[in-house]
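Encoded as structure tokens, the structure appears first; notes follow it.
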Amino acid sequence: MKVTAIAPSNIAFIKYWGKKDERLRLPANASISMNLSHLKTTTTVEFLSKYKEDEVIINEEKEEKQQLRVVKHLDRIRKLARLNFKAKVVSKSNFPISTGLSSSASGFAALTLAASKAAGLNLSEKKLSILARQASGSACRSIPDGFVEWLDGTNETSYAVSLFPPDWWSIADVVVIVSQEKKEVSSTEGQKLAKTSPFFPERLKRIKRKTTLLKKWLKEKNFPKFGQLIEEEALELHAIMLTSTPSLIYWQPGTITLMKLVKRLRNKGLPVYFTINTGQDVHLIVEKDNIKTLVERLKEVKEIKDIIVNFPSTGARIVNYHLF
Ligand code: PMV
């Protein structure tokens, strides 16, 4: 059977950085994110006896490292479904990959849903999230809808659940692309260095309290408190990266220009906060009513290559069209 799924990327407000189990991809801490309406990956999968090899085409390319990671995930699914057939996989993202916009989250969430269905499995949201997690940590958060928490736990208890549906809060993530350049160190590789930072144990000591507070601001829709906390969290993530051995510096000049601009805009009365992942691009979190004013102000910044406005979105879904 040929099955196609579409899944959103997500932006983490409390970050996943560092693992307590490398093989099972169990995170050092729980994380919280929002699914993004305009950063999506669509993936079609078909298992057939006539295929001699797995064929994997991602954004019209056959890149070896990506192919190996996809085949490893197909193997997990084949094992679950007791299936021997090889597969054809075609995947397309509508945004630049490897620049810090979490294409592995949308990519592996879409692949997990499409491939498991194509293999004849009918997995629950929880099982899909556990399976997606094993391929890419943040992918488990792209399975459920809206505002999501990825629970810290064991192999069977570490999965993502929806905290609130997409229409819970009218906020937006204005994604600002400052460079299309691909990052030199992937998040998978970067994650391994977290524990080399002298500040990592301190982060873990305080992270539970931070997560509880973030959920409170989210529930109460307290935008200034929420914004301040997510910005502090992004800077803490980058403090860990900067102080790892070897150090990880993902920022580009445009990243810093935007971080400074956000502070200036706030001082002038526009409530906007930033967050950044493993990459140079910046996520500006703003209430829906202020999007227009923000986008207008961004026009002054010469480093900006593109702007993608995102609203909270549903999670992974099956669709009835195919990419081949
Ligand atoms: O799931 P990965 O290995 O791509 O790691 C994601 C890491 C961050 O984007 C920096 C944080 C997060 O929680 O999404």
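The values are calculated or read from the model by the stated rules, or taken from the named source; none is laboratory data. Please read these numbers as outputs of a predicted model, since none were measured by experiment. All Cβ positions, even for glycine, are placed from backbone atoms using ideal geometry, and neighbour counts span all protein chains on display. Just so you know, the surface numbers come from the protein's heavy atoms only, side chains and all, with ligands and any DNA or RNA stripped out. Shrake-Rupley method; radii C 1.70, N 1.55, O 1.52, S 1.80 Å.
Taking a point 7 Å from the Cα of LYS221 along the Cα-to-Cβ direction, none of the residues of segment 1-31 has its backbone N closer than 11 Å to it.
Excluding same-chain neighbours fewer than eight residues apart, the lysines reachable from LYS62 by a Cα-Cα span under 22 Å are LYS2, LYS40, LYS50, LYS52, LYS72, LYS86, LYS88, LYS92, LYS182, LYS183.
Each residue was assigned an accessible area with a 1.4 Å probe, and for LYS260 the value is about 130 Å². The modelled label-to-label distance between TYR51 and PHE199, using points 7 Å beyond Cα along the C-beta direction, is 4.4 nm.
Were the residues from ASN84 through GLU181 laid out at 0.36 nm apart, the gain over their Cα-Cα distance would be 31.1 nm. Shown are GLU63, GLU296, whose ranking by accessible area with a 1.4 Å probe and every protein chain present, most to least, is GLU296, GLU63. Relative to the Cα centre, the charge distribution of the chain, modelled as +1 at Lys and Arg Cβ and -1 at Asp and Glu Cβ, gives a dipole magnitude of about 640 debye.
Stretching the chain fully between THR243 and HIS38 yields a gain of 70.5 nm (0.36 nm per residue, less the alpha carbon separation).
Need the full-extension length gain, ARG317 to LEU24, defined as separation in residues times 0.36 nm minus the C-alpha distance. One decimal, nm.
103.0 nm
Element breakdown for the chain at a 1.4 angstrom probe: carbon and sulfur atoms account for 53% of the accessible area. Charging the Cβ of each Asp and Glu at -1 and of each Lys and Arg at +1, and nothing else, the dipole of segment 256-324 about its Cα centre rounds to 260 debye.
Percent of Cα-Cα pairs more than 15 Å apart in segment 170-262, please.
It works out to 69 percent of all Cα pairs.
Sorting MET1, MET241 by accessible area puts them as MET1, MET241; the probe is 1.4 Å, largest comes first, and only protein heavy atoms count. What accessible area per residue, rounded to a whole number of Å², is obtained for segment 177-303 using a probe radius of 1.4 Å? Value returned for segment 177-303: 52 Å² of accessible area per residue.
Here, P(r) means the percent of Cα pairs in each 5 Å bin from 0 to the largest distance; for segment 82-147 it is 3, 18, 26, 25, 18, 8, 3, 0. The calculated FRET efficiency for the pair LEU298 and GLU232, based on their C-beta separation and a Förster distance of 22 Å, comes to about 0.45. Just need log10 I(q)/I(0) for the chain at q = 0.11 Å⁻¹, Debye formula, equal scatterers on the alpha-carbon atoms, no solvent, rounded to two decimals. Debye curve over Cα of the chain, log10 I(q)/I(0) at q = 0.11 Å⁻¹: -0.66. Here the Karplus curve 6.51 cos²θ - 1.76 cosθ + 1.60, taken at θ = phi - 60°, turns the phi angles of segment 229-239 into couplings of 5, 5, 5, 4, 5, 5, 5, 5, 4, 6, 5 Hz, with x standing for Gly and Pro.
Accessible surface for segment 65-135, divided over its residues, is 42 Å² per residue with a 1.4 Å probe.
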